[in-house]
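Below is one structure, written out as structure tokens, with a few remarks after it.
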Amino acid sequence: MVAVVCILMAIVALAFVLFVEPEVAAGPVVDEQLMPLLRKKDVLYENLRDLLFEFRMGKLSEADYAESKRSAQAELVPLMSAIDELNAKKIREEITPPAGWCARCAHTNPDSNAFCGNCGAPLKKKSKR
Ligand SMILES: [Zn+2]
């Protein structure tokens, strides 16, 4: 009976992983780079959960479990730092002010202005996209 429940749960989990796509946030290039990494992270976490499950069910020896867990975690570490880096990049992109925005008085000027129309501060020429 327990085995049947376990098999059903495994099938549901598998179906969920295979058919439920995470919502893709429509966004800039960073998101396109980020999404596959996040998916891979989810898969690795899923694998870790499965490993623990199988270990608890007695299907895996402790040595096998420790070994598999170590290799999964070894994959996870560079992945997590890549995700962190992309997230940081994304935040930097989001807080980059638009062209014509005055850093001194926060007045928004036309893009063509070299100086702020409100306070006269020089505007940074930037943001070529
Ligand atoms: Zn200004």
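Throughout, read-outs are computed from the coordinates displayed, never taken from laboratory work. Model, not experiment: these values are computed from the prediction. Backbone-built Cβ (ideal geometry, glycine too); neighbour counts: all protein chains shown.
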Per GNM of the chain with C-alpha springs under 10 angstrom, the most fluctuating residue out of V77, V29, V43 is V29
Output the Cα-based Rg and Dmax of the chain in Å, rounding Rg to one decimal and Dmax to a whole number. 24.3, 78
Residues whose built amide H sits under 5 Å from the amide H of W101, excluding neighbours closer than 5 in sequence, are N109
Counting Lys and Arg as +1 and Asp and Glu as -1 over every other residue whose Cβ sits under 12 Å from the Cβ of D84, the net charge comes to +2
Please list the helices of the chain that count as membrane-span-like by this rule: a mean Kyte-Doolittle hydropathy of at least -0.5 together with Cα atoms stretching 24 Å or more along the helix axis, each helix being a complete DSSP H run. 2-19, 29-56
Excluding residues fewer than 8 positions from K41 in its own chain, the aspartates and glutamates with Cα under 16 Å of it are E21, E23, D31, E32, D50, E75, D84, E85
Mean residue ellipticity at 222 nm from the helices of the chain, using -39,500 (n - 2.57) per DSSP H segment of n ≥ 4 over the full residue count, to the nearest 500 deg cm²/dmol? -22000 deg cm²/dmol
Residue of L51, L79, L14 that the Gaussian network model of the chain assigns the largest fluctuation, springs spanning Cα pairs under 10 Å: L14
Amide H within-cut-off set for L123, under 5 Å, with H built and near neighbours excluded: F115, C116
Only Cα pairs under 8 Å and at least 6 apart count here; give the relative contact order of the chain as a rounded whole percent. 16 percent
